[in-house]
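For reference, the structure discussed in these notes is given below.
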Amino acid sequence: VGTSARGRQSKARVAERLGTMGGATRRSNAYSKIDTETNDGEEALKDAFAHFPPLKPMERDPRFESQLMKRTPIREICLAVFLLLLGTSMYVVALLCHYGHIHPKRVSKGGFAALGTLVFLPGFYMTRIAYYTWRGMRGYTFDRIPHQ
C-alpha cells in the first residue's frame, strides 16, 4: 500500500511540531521556576479586611452573630422542665420498685429506668442551657435550645 507525497509531508509536519522524530517526545521549552519569595497572598488578605475596624480583645464579630430574633423560647423551656420532671419521677418509681415499696409484679423497674433515662437526658440538656443563659454565663444563648 503506497502513501501519497501529501500524506508523508503532513506526517513530517506533525512530527516536527511535536518534536518527535524517534518516538520519544521532548518539549522545546523547559518550565521556569516560580518565585516563591513574594508575599502577594498575605498582602491581598490584609487588603481584603482593611475596611473592617480592628476588634477589641473581648468584642464579638458581628459577622458571626445570629440573625434570628432574640426571643425567649418559653414553650421549649416549659417542655424541657416537663421532660426533666417526668424523667426524674420515672427514676423515683424505678427506685421504689427496686427497694420493694412498689411490688415488682405490678411495675417493671427496668422499663421505668430506661424510659426515665430517655426522657431525663433531653430535659436536663435544655433546662441546663436555659438556666445558664438566664444566669448570663458566657457562651450560652437561647439559640442553642432546639426549637421548631
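Couple of notes before you dig in:
Let's see how each residue does on (1) over 30 Å from residue 143 (Cα atoms); (2) part of a helix (DSSP H, G or I); (3) at pLDDT 90 or above:
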residue: 13; (1), (2), (3): yes, yes, no
residue: 31; (1), (2), (3): yes, no, no
residue: 45; (1), (2), (3): yes, yes, no
residue: 82; (1), (2), (3): no, yes, yes
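- Qualifying residue in the stretch 130-148 (condition: hydrophobic (A, V, I, L, M, F, W, C), surrounded by 15 or more Cβ atoms within 10 Å (Cβ to Cβ) and free of Cβ contacts under 8 Å to residues at least 24 places away in the same chain): no
- For the stretch 90-116, a residue qualifies if it is part of a helix (DSSP H, G or I), open to solvent by 50 Å² or more (accessible area, probe 1.4 Å) and either touching a His at 6+ places or on another chain (Cβ under 9 Å) or of a type in the set (Val, Ile, Thr) (or both), and the qualifying residues are 92, 95, 109.
The values are calculated or read from the model by the stated rules, or taken from the named source; none is laboratory data. Since this is a predicted model, take the numbers as computed values, not measurements. Backbone-built Cβ (ideal geometry, glycine too); neighbour counts: all protein chains shown. The protein model used for the area step is the full one, side chains on, heavy atoms only, and it has no ligands, DNA or RNA in it. Shrake-Rupley method; radii C 1.70, N 1.55, O 1.52, S 1.80 Å.
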